[in-house]
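*Asks:* If you scroll down you'll find the structure; I have some questions about it.
The values are calculated or read from the model by the stated rules, or taken from the named source; none is laboratory data. This is a predicted model, so every value here is computed, not measured. Ideal geometry is used to build each Cβ from the backbone, glycine not excepted, and the neighbour counts take in all protein chains shown. The protein model used for the area step is the full one, side chains on, heavy atoms only, and it has no ligands, DNA or RNA in it. Shrake-Rupley method; radii C 1.70, N 1.55, O 1.52, S 1.80 Å.
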Amino acid sequence: MKTTDPAVLDEPKIHEPTADAVIEPAIEGRPRRTAVGIKEAKIYIDGKFYSEADAKISVFDHGLLYGDGIFEGIRFYNGRVFRVGEHLDRLWDSARSICLEVPMAKQGMTEAILETIRQNHLRDGYIRLLVTRGIGNLGLNPMQCKSPSVIIFTEKD
């Protein structure tokens, strides 16, 4: 049923900005508020820590191109990682199921997780641990990827 009644028509309304309206420019370089405050998070990538702005992976990483990788979400409370051994056992089982060799030992991974928490000055929060197949070419063959990548980042609850 069509109507021409102006009270029924759904016309867009134009709102003029008021004097007290605050408009923030979209500036890429402006520091953004993160879970740990103004200070940017430190992200672990393959043995080094990077600021959030400098943490980058290649567009040729098969984790990005094909989702070829594994991950664990882990919580920590009062500076202690919840069931870290069980999480790492599950991570290694997942890696084995897709024939992915984790490029470090479990003890080294535990140390990397703990150091990531320390670098971010957190007591409670969430850890995202990723192991990707690594950089390769556009083909699907995982043998083209020379070495897997480990990425660890944290967020405050």
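*Asks:* What is the pair-distance distribution P(r) of the stretch 62-108, computed from all Cα-Cα distances in 5 Å bins starting at 0, with each bin given as a whole percent?
*Replies:* Spelled out bin by bin, the stretch 62-108 gives 5, 18, 26, 23, 15, 9, 3, 0 percent.
*Asks:* Which residue, 79, 105, 66, has the largest displacement toward the positive end of the dipole of the stretch 63-124 when charges sit on each Cβ (Lys, Arg +1; Asp, Glu -1)?
*Replies:* The listed residue farthest towards the positive side: 79.
*Asks:* Taking 0.36 nm per residue of sequence separation and subtracting the Cα-Cα distance, how much length would be gained by fully extending the chain between residue 60 and residue 123, in nm to one decimal? Don't skip to the answer; put the middle values down first.
*Replies:* Numbers: separation 63, 0.36 × 63 = 22.68 nm, distance 3.47 nm.
So the extension gain works out to 19.2 nm.
*Asks:* Still on this structure, I have one more. Residue by residue through the stretch 120-131, what is 3J(HN,Hα) from phi via Karplus (6.51 cos²θ - 1.76 cosθ + 1.60, θ = phi - 60°)? Round to whole Hz and write x for glycine and proline.
*Replies:* With the stated coefficients, the stretch 120-131 comes to 9, 6, 10, 10, 9, x, 10, 10, 10, 10, 10, 10 Hz.
*Asks:* Further, regarding this structure: What part of the accessible area of the stretch 38-111, given as a whole %, is carbon or sulfur when the probe is 1.4 angstrom?
*Replies:* Of the solvent-accessible surface of the stretch 38-111, carbon and sulfur hold 54 percent.
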